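Asker: Have a look at the structure that comes next, please.
The values are calculated or read from the model by the stated rules, or taken from the named source; none is laboratory data. Just so we're clear, the structure is a prediction, and the values are computed from it rather than from any experiment. All Cβ positions, even for glycine, are placed from backbone atoms using ideal geometry, and neighbour counts span all protein chains on display. For the accessible areas, the whole protein counts, side chains as well, though only heavy atoms, and no ligand, DNA or RNA atoms are used. Shrake-Rupley method; radii C 1.70, N 1.55, O 1.52, S 1.80 Å.
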Amino acid sequence: MALMRVSSPHAHGSYSTGMVMRQVLLATLPGVFMLTLFFGFGTLINVAWACLVGIAFESLALFLRGRSLTFYLKDCSALVTCVLLGIALPPYAPWWLIAVGVAAAILMAKQLYGGLGYNPFNPAMVGYVVLLISFPVQMTAWAPPRGLADVPNLWEALQACFLPAQFDGVTMATPLDILRQNQGLLMEDLWAQTPQFGRWAGIGWEWVNLAFLAGGLWLLYRRIFTWHAPVAMLASLTLMSALFYAGGSSSSGGSPLFHLLSGATMFGAFFIVTDPVSSAVSVRGRLVFGALIGVLVYLIRVWGNYPDAVAFAVLIANFAAPFIDHYTQPRVYGHGKSGGTG
Amino acid sequence: MRRVHDFHGGIHPAENKHQSLQQPIRNAGIPPQLILPLSQHIGAPARPVVAVGEQVLKGQLIAEPGGHVSVPLHAPTSGMVSAIEDRPIPHPSGFPAPCIVIDCDQEDRWAPLQGVANYRDCEATELLELIRAGGIAGMGGAGFPTAVKLAGKPGRAVKTLIINGTECEPYITADDSLMRERATDIVEGIAILQHILQPQEVLLGLEDNKPEAIAALRAATAGSTIEVVTFPTKYPSGGEKQLIEILTGQQVPSGGLPGDIGIVCQNVGTAVAVRDAICHGRPLLSRITTVTGDAVEAPQNFEVLLGTPMQYLLELAGLHPERCKRLVMGGPMMGFTVTTVQAPIVKTTNCILAPTAAELPPPPPAQPCIRCGLCAEACPASLLPQQLFWFAQGKEFEKLEQHKLFDCIECGACSWVCPSHIPLVQYYRASKADILEQRREHAKSEQARQRFEARQVRLAQEEEEREAKRAARKAAAEKRAELAAQGDAEDPIQAAIERAKAKKAAQQDGQPVAASVSPEAALRQKLAKAEQRLAQSVASGEDAKIVSALEASVERLKGKLAEAESAATESGAT
């Protein structure tokens, strides 16, 4: 009888990379649902089109690199990138915009660096930032939430994406924009005068954020990632907004609750910051990494020039990740300060 | 209740222990042939003391220890030594190694045995000698000579004796069944260890997934100073370092031994072997081995003679060869594959695992590492396996050492959790081997460098000496020329003849002739020259080695000069 020679361990847990990725995809569902509910079919079309283009680009890159298509497509990492980018893009974005973003994410940020696991930057955020810098007009045009304007139906949404010239959409400033451009109004007055604000943050946005929070908590429960990076990010964002709240004066940067439930906060905290490939690795490293992103998000939102800050903050923190890793190596067994007591 | 501590990481693989616990320990009997590797322990292989064709009795010494860290080997049954040659042995390398082969006569005749009536009357050294003579090496799996481990460093005080009954690897139940069935033997063995080590406390640690063993041990230890400590089941809590942390909250310093913090660990099986050796004079001849896996009909524990071919044991358990594609010695986490069923059971064989392909499927192709960090969460040494993997791929040895690769205990928890199915432990093993190889190379080249430099210094010295000699000759020649010139253009030939005549005359007179240049003078010149050269080299800041070489030559010349002078005075005096 022929016996094989293999190295230990011989047993293996049941996790696989594909499973991890599929669970992340599942966890985006509540957020996508809320986005669709408040802003219409735009996000769904973004996601679907991004996935289609993304699989095509991924296959092309794998083919050119001479890798097995089925083996690498099975890990679903390209789908995750495309879904996350599709969610981040404004609804009713034209098809070419999405395609350019996906190309930047999949081809440039991921495959050029060597594919899954080798990318120093979060691919979805690279795609987003490339678009934001190249096409600021299209990228800052967010649709108004349901209740403030008519939400396009499915046909109109498809038209917006694939025949953008014939689509006459309505856009409206997001609550984060409004707050940044606030000139001399007390928070209370700004809230009263602006229809976009809801109970805690922008109409729609607060629910979108809560939905992403729910998806994130489910992933946490499934032990797909640890709490360290998201909690550190949310904590430092809360701390920054509390420090600069200024009692709701006209120079206030907005309340902590407003920041937690605005823009891409929860989406970023649980779906972007937790990307393991481009983040710091150790527990302490992830705390530092998350906290850094929280601070940067606040700085860019309040004093920067962009509608939202998660993408830039994450990319800057990606730069810092190897540096953070260097200084946050965990204490290894038997290397105690007191020479033995643990 | 003692407070137990947790250690970082760890995993909960499927235990699969119940299969082999359905029946009590069964005696495997005497196979037709026993194959006894000379190296069943860590350290120097044993040296055979029997010849081919010799009849041996059960318990008779057949190989003596090959060094300090070594143990002897005894015949597990009576029979004839039929060969001493290389045979396949259970070893990760898969290479055959020297073995003593005994054809069993099935009579099982014992050699006379001499036990100790009361070990309490014996000195520790005496007992340690008996343990060594009993051929006992750690039964938990590592196989370190027990007497060496117990002796420890001279002057070391043992605070805590830890008896390891954890058996955290899935499938293995050898220690479990031993604890269930022979708890009193274990306690007797521990008492002997206590007498040898005189520890302040004795802790017998085991996981809470062995209720029968716990009950048996609690009953057997009632009234003794041995404390049975149970703790939650988690792999690898049976690792020596992990168990120490669980029971004492202390960590063994990196690169150190438990003895450094006053702790000695012994396996329960070792305790029983010690008891047999001391109380009955019975050397280590057999052990408990679990035979399990879906490819055997009746998984169970055997009391098996050392040297029994695995095939014999597997057949006793009802092996289905067609179902078995991999044979593992040890557990599924740290065991290694054995490629032939001819390999024998050795002192460290706690388990033979014969899984089906469905049970332990062959590893799927590895996917890229996504640095998910599950491995870092699982690592009991608090390492960053994903970073180690990255550096191992790039052969960045410095980074690997900086990230404490050598603190990896190769427990396999990281590979077990890895969602990308990367054989991480394999990378670490290979990297460790590479680094050790590099260190050896480095030591070698360092030695070569030192040799080369020493040679350079020696050559410089010799050159200096030659130079000094040349200078002396030259000076002497000049002086002669000067003398000749002073002699008013005397015919040099005539002068030579004169000298020769004078010499002859002097010889006739029995008087030594003062040479034209005395040896002292020549040496003085040499010395002056050497001193000048030394001063030059110091002034021009030449290499320290050259300076020291020059100094040495000056010293030597001074010595020679002193000798020559004293010789001259002596000869002058006579």
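Asker: Condition first: in a helix (DSSP H, G or I), surrounded by fewer than 15 Cβ atoms within 10 Å (Cβ to Cβ) and not acidic (Asp, Glu). Can you find one or more residues in region A:141-158 that meet it?
Answerer: Yes, region A:141-158 contains at least one residue that is in a helix (DSSP H, G or I), surrounded by fewer than 15 Cβ atoms within 10 Å (Cβ to Cβ) and not acidic (Asp, Glu).
Asker: Right, next: Take the conditions more than 14 Å from chain B (Cβ to nearest Cβ), open to solvent by 30 Å² or more (accessible area, probe 1.4 Å) and either without any contact (Cβ under 8 Å) to a residue 60 or more places away in the chain or basic (Lys, Arg) (or both) and apply them to A:LEU299. Does it pass?
Answerer: When the stated conditions are applied, A:LEU299 passes them.
Asker: Continuing with this model, one more query. Which of the following residues is assigned to a loop (DSSP other than H, G, I, E, B) and open to solvent by 40 Å² or more (accessible area, probe 1.4 Å): B:PRO364, B:PRO380, B:PRO368?
Answerer: Working: B:PRO380 fails: open to solvent by 40 Å² or more (accessible area, probe 1.4 Å); B:PRO368 fails: open to solvent by 40 Å² or more (accessible area, probe 1.4 Å).
Only one candidate passes the filter, namely B:PRO364.
Asker: Could you name every one of the strands (runs of 3 or more DSSP E) located completely within region B:40-109 that has at least 2 residues being touching a residue at least 12 places away in the same chain (Cβ under 8 Å), open to solvent by less than 40 Å² (accessible area, probe 1.4 Å) and touching a Pro at 6+ places or on another chain (Cβ under 6 Å)?
Answerer: Numbers: elements: B:61-64, B:79-88, B:96-104.
Per the criteria, B:96-104.
Asker: Still on this structure, please answer the following. Quick check: is even one residue across region B:151-158 away from chain A (no Cβ under 14 Å) and closer than 29 Å to B:CYS351 by Cα?
Answerer: Yes, because at least one residue in region B:151-158 is away from chain A (no Cβ under 14 Å) and closer than 29 Å to B:CYS351 by Cα.
Asker: Given the condition open to solvent by less than 60 Å² (accessible area, probe 1.4 Å), within 30 Å of A:ALA11 (Cα to Cα) and more than 14 Å from chain A (Cβ to nearest Cβ), answer yes or no: does some residue in region B:434-443 qualify?
Answerer: Yes, that holds for at least one residue.
Asker: If I filter region A:1-25 down to residues being more than 7 Å from every other protein chain (Cβ to nearest Cβ) and either in contact (Cβ under 8 Å) with a residue 60 or more places away in the chain or charged (D, E, K, R) (or both), which single residue comes out as farthest from A:PHE212 (Cα to Cα)?
Answerer: Here the answer is A:ARG22.
Asker: Take the residues in region A:21-34 that are within 25 Å of A:THR174 (Cβ to Cβ) and assigned to a helix (DSSP H, G or I); name whichever of them is most open to solvent (accessible area, probe 1.4 Å).
Answerer: A:PHE33
Asker: Moving on. Going through region B:298-342 one residue at a time, which ones are assigned to a loop (DSSP other than H, G, I, E, B), within 10 Å of chain A (Cβ to nearest Cβ) and in contact (Cβ under 8 Å) with a residue 60 or more places away in the chain?
Answerer: Hits for region B:298-342 are B:GLY330, B:GLY331, B:PRO332, B:MET333, B:MET334, B:GLY335, B:THR339, B:THR340.
Asker: Go through region A:5-20 and report how many residues are open to solvent by less than 40 Å² (accessible area, probe 1.4 Å) and assigned to a loop (DSSP other than H, G, I, E, B).
Answerer: Selection size over region A:5-20: 8.
Asker: Related question: Which of the following residues is at pLDDT 75 or above and aliphatic (A, V, I, L, M): B:ALA506, B:ALA500?
Answerer: The unique qualifying residue is B:ALA500.
Asker: If you don't mind, there's one more thing I want to ask. Take B:ASP175 and tell me if it is within 29 Å of B:THR356 (Cα to Cα) and surrounded by fewer than 18 Cβ atoms within 10 Å (Cβ to Cβ).
Answerer: No.
Quick grid of which residues meet (1) of a type in the set (D, E, K, R); (2) closer than 19 Å to B:GLY59 by Cα:
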| site | (1), (2) |
| --- | --- |
| B:PRO88 | no, no |
| B:GLU107 | yes, yes |
| B:TYR119 | no, no |
| B:LEU127 | no, yes |
| B:THR166 | no, no |
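Asker: Something else now. Looking at region A:159-176 only, could you name the residues that are part of a helix (DSSP H, G or I) and surrounded by fewer than 18 Cβ atoms within 10 Å (Cβ to Cβ)? Break it down stepwise before answering.
Answerer: Initially, region A:159-176 is screened for residues part of a helix (DSSP H, G or I), giving A:159-162, A:164-166, A:175-176.
Answer for region A:159-176, where residues must be part of a helix (DSSP H, G or I) and surrounded by fewer than 18 Cβ atoms within 10 Å (Cβ to Cβ): A:PHE162, A:PRO164, A:ALA165, A:GLN166.
Asker: Still on this structure, I have one more. Quick one: which of A:VAL288, A:VAL277 is touching a residue at least 24 places away in the same chain (Cβ under 8 Å), under 27 Å from A:ASN119 (Cα atoms) and either under 14 Å from the mean Cα position of the chain (by Cα) or within 14 Å of chain B (Cβ to nearest Cβ) (or both)?
Answerer: Among A:VAL288, A:VAL277, only A:VAL277 is touching a residue at least 24 places away in the same chain (Cβ under 8 Å), under 27 Å from A:ASN119 (Cα atoms) and either under 14 Å from the mean Cα position of the chain (by Cα) or within 14 Å of chain B (Cβ to nearest Cβ) (or both).
Asker: Which of the residues spanning region B:548-570 are closer than 16 Å to B:VAL457 by Cα and modelled with pLDDT under 80?
Answerer: Those that are closer than 16 Å to B:VAL457 by Cα and modelled with pLDDT under 80: none in region B:548-570.
Asker: Which condition number does A:THR43 fail, the rest of (1) open to solvent by less than 10 Å² (accessible area, probe 1.4 Å); (2) not in a helix (DSSP H, G or I); (3) not aromatic (Phe, Trp, Tyr) being met?
Answerer: (2)
Asker: Separate question: Could you tell me whether A:LEU37 is surrounded by 24 or more Cβ atoms within 10 Å (Cβ to Cβ), under 30 Å from A:LEU261 (Cα atoms) and touching a residue at least 24 places away in the same chain (Cβ under 8 Å)?
Answerer: The answer is no for A:LEU37.
Asker: Find all pairs meeting these conditions: Cβ atoms under 9 angstrom apart; at least six residues apart or on different chains; first residue within region A:61-83 and in contact (Cβ under 8 Å) with a residue 60 or more places away in the chain; second residue part of a helix (DSSP H, G or I).
Answerer: Matching pairs, first to second residue: A:SER77/A:THR17; A:SER77/A:GLY18; A:SER77/A:MET21; A:SER77/A:GLU58; A:SER77/A:LYS110; A:SER77/A:PRO123.
Asker: Which residues, taken from region A:302-330, are open to solvent by 30 Å² or more (accessible area, probe 1.4 Å) and of a type in the set (Val, Ile, Thr)?
Answerer: A:VAL302, A:ILE316
Asker: Among (1) within 30 Å of B:PRO299 (Cβ to Cβ); (2) open to solvent by 10 Å² or more (accessible area, probe 1.4 Å); (3) in contact with a strand residue (DSSP E or B) (Cβ under 9 Å, 6 or more places away or on another chain); (4) not assigned by TED's automatic domain parsing to the domain that holds B:GLN342, which single condition is B:ILE11 missing?
Answerer: (2)
Asker: Considering only residues that are more than 16 Å from A:THR43 (Cα to Cα) and among the acidic types (Asp, Glu), which ones fall in region A:152-205?
Answerer: Result: A:ASP168, A:ASP177, A:GLU188, A:ASP189.
Asker: Enumerate the pairs (first residue in region B:550-569 and in contact (Cβ under 8 Å) with a residue 24 or more places away in the chain; second residue anywhere and outside any helix (DSSP H, G or I)) with beta-carbon separation below 8 Å, excluding pairs fewer than 6 apart on the same chain, so at least 6 apart or on different chains.
Answerer: Hits for this filter: B:ALA568/B:SER518.
Asker: Right, next: Output the number of residues of region B:291-314 satisfying the condition of being within 23 Å of B:CYS99 (Cα to Cα), hydroxyl-bearing (Ser, Thr, Tyr) and buried (at least 24 other Cβ atoms within 10 Å of the Cβ).
Answerer: Total satisfying the criteria: 1.
Asker: Looking at (1) without any contact (Cβ under 8 Å) to a residue 12 or more places away in the chain; (2) open to solvent by less than 10 Å² (accessible area, probe 1.4 Å); (3) of a type outside the set (Asp, Glu), find the lone condition where B:CYS265 falls short.
Answerer: It is condition (1) that B:CYS265 fails.
Asker: For region A:47-113, list the helices (runs of 4 or more DSSP H) that sit wholly inside it and hold at least 1 residues that are under 18 Å from the mean Cα position of the chain (by Cα) and under 22 Å from A:GLY268 (Cβ atoms); which are they?
Answerer: Of the helices (runs of 4 or more DSSP H) lying wholly inside region A:47-113, those with at least 1 residues that are under 18 Å from the mean Cα position of the chain (by Cα) and under 22 Å from A:GLY268 (Cβ atoms) span A:77-88, A:95-102.
Asker: Let me ask you something else. Using beta carbons and a limit of 6 Å, which pairs, at least six apart or on different chains, have the first residue in region B:367-384 and outside the structural domain of B:HIS403 (by TED's automatic domain parsing) and the second one aromatic (Phe, Trp, Tyr)?
Answerer: Between residues of region B:367-384 that are outside the structural domain of B:HIS403 (by TED's automatic domain parsing) and residues that are aromatic (Phe, Trp, Tyr), the close pairs are B:CYS369/B:PHE389.
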